[in-house]
Amino acid sequence: DVLEVVEWAMPSLIRMFTGSNRIARFKPKRPEDQRNADLATAYINHVFLNEMDGFQILYDWFKTALLEKNGIVKVYWEERSLPTNERYNGLSIDEVSLLLSKEGVEPISVNERNEKILNQETGMEEDVTLFDLETRTIKEEKRIRVDSVPPEQFLISRKAVRLDDETDFSAHRKQVTISDLVAQGYPLDILSSVPISDSPEFEPGRMARRGEDDSYPSGGSSRSDLASRKTWTTECYARVDEDGDGYSELRRFLVVGDASIYILDDEEIMFNPFCSLTPIPMPHKFYGQSLADLVTDLQVIRSTIL
């Protein structure tokens, strides 16, 4: 019963939002804003559908809501610094100098060799010094991200009625590698002292949603290299009056660790990045009801009788 109801509703929802190439549309406030609104509409729809795989994001968002009461997505701006290695063979000294003069390019290894090359003008072979070069470039990636958040990774205040910029507390708890945190600009010397713990892997919510084949971590030993080790991070969004002016501001805290924690980031932000939807909203409650809630009892009765 649950399978039939949920799978019957999914095609209608997906068709409604992805049936055309316009998922979102900007409306101009004045006649002279029409061109800018059209450009913004075309750009946002291209980014969401083509660069972010918007179909999969909507599919996960809707199906999670139909099964798990509320579906959550996170919308944010991401900045990362990632190293890229490149190899060049047979460069002249001028080409090497030009390449290394570019900003952000660092040499890793240089191999000098002599070769005989035929001079087209004189027709004679000449000894030429060539270089094989390997470089590393730190590239800055800046992009919009829209991520579907699994139910067990999302936290919210028990007394919350809605999810918006006025929500007292909400958070995203997930496991990331040390390499991911370094790419976001956090210092390696602090991250190297963060303890590693698998205890959140065994939380009831996580184990209930996942099957027996992936409920437990496969192996208790962590990776030997530091960059590949995983740690738990909790990205908290809370209203706090840090400056003492009597008004609570929305702030973002990045907390790393499980038993022993470190606060890596504390900044004031303008908006809460989480968006929530539920099939059947309940008055004065954040969590509504899912389609699965309505038919699970029927499925249990039928299964018991059969």
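Here are some notes:
- By a 1.4 Å probe calculation restricted to protein chains, L155 has an accessible surface near 70 Å², given to the nearest 10.
- Residues R173, R136 ordered from highest to lowest accessible area at a 1.4 Å probe: R136, R173.
- The length gained by stretching the chain between K159 and E125 to full extension, at 0.36 nm per residue less their Cα-Cα distance, is 3.9 nm.
- Note that the stretch 171-186 has calculated 3J(HN,Hα) couplings of 7, 10, 10, 8, 9, 10, 8, 4, 4, 5, 5, 5, 5, 7, x, 8 Hz, one per residue in order, obtained from phi through the Karplus relation 6.51 cos²θ - 1.76 cosθ + 1.60 (θ = phi - 60°); glycine and proline are x.
- Our summary gives the chain a relative contact order of 21 percent, counting only alpha carbon pairs under 8 angstrom and 6 or more residues apart.
- Rounded to the nearest 10 square angstrom, E141 shows an accessible area of 80 square angstrom against a 1.4 Å probe.
- Label selected from (i) 288; (ii) 197; (iii) 182, the criterion being volume of the Cα convex hull per residue in Å³ as computed here: (i)
- Probe 1.4 Å, accessible area per residue of the chain, Å²: 66 Å²
- Per DSSP, loop GluC sites (Glu not before Pro) in the stretch 233-262 with at most 14 further Cβ within 10 Å: E242
- Share of pairwise Cα-Cα distances greater than 16 Å in the stretch 1-103 is 74 percent (whole percent).
- Within the full protein context, the accessible area of M16 is estimated at about 140 Å² for a probe radius of 1.4 Å.
- Ranked packing of 6-13, 30-37, most packed first, by mean Cβ within 10 Å: 6-13, 30-37
- Sorting V110, V149 by accessible area puts them as V110, V149; the probe is 1.4 Å, largest comes first, and only protein heavy atoms count.
- Distant-in-sequence amide contacts of V149, defined by a placed amide H-H separation under 5 Å and a gap of 5 or more residues or a different chain, comprise I72, V73, K74.
- The phi-based Karplus calculation (6.51 cos²θ - 1.76 cosθ + 1.60; θ = phi - 60°) puts the 3J(HN,Hα) values of the stretch 127-138 at 7, 10, 8, 10, 10, 9, 10, 10, 10, 10, 10, 8 Hz, whole numbers, x for Gly and Pro.
- Lysine pair count for the chain [Cα-Cα under 23 Å; pairs on different chains or 8 or more apart]: 17
- Normalised contact order of the stretch 1-146, rounded percent, pairs of Cα under 8 Å and 6 or more residues apart: 24 percent
- To put it simply, the accessible area of the chain at a 1.4 Å probe is 52 percent carbon and sulfur.
- Sequence of W77, W232 from largest to smallest accessible area, 1.4 Å probe: W77, W232
- Given charges at Cβ of Lys, Arg, Asp, Glu: the chain dipole, positive-most of V149, T84, L291: L291
The values are calculated or read from the model by the stated rules, or taken from the named source; none is laboratory data. Here the structure is a predicted model, which is why all the values come from computation and not from measurement. A quick note on method: Cβ atoms are made from the backbone with ideal geometry, for glycine too, and the neighbour counts reach across all protein chains shown. In case anyone asks, the SASA skips ligands and DNA or RNA and just uses the protein heavy atoms, side chains included. Shrake-Rupley method; radii C 1.70, N 1.55, O 1.52, S 1.80 Å.
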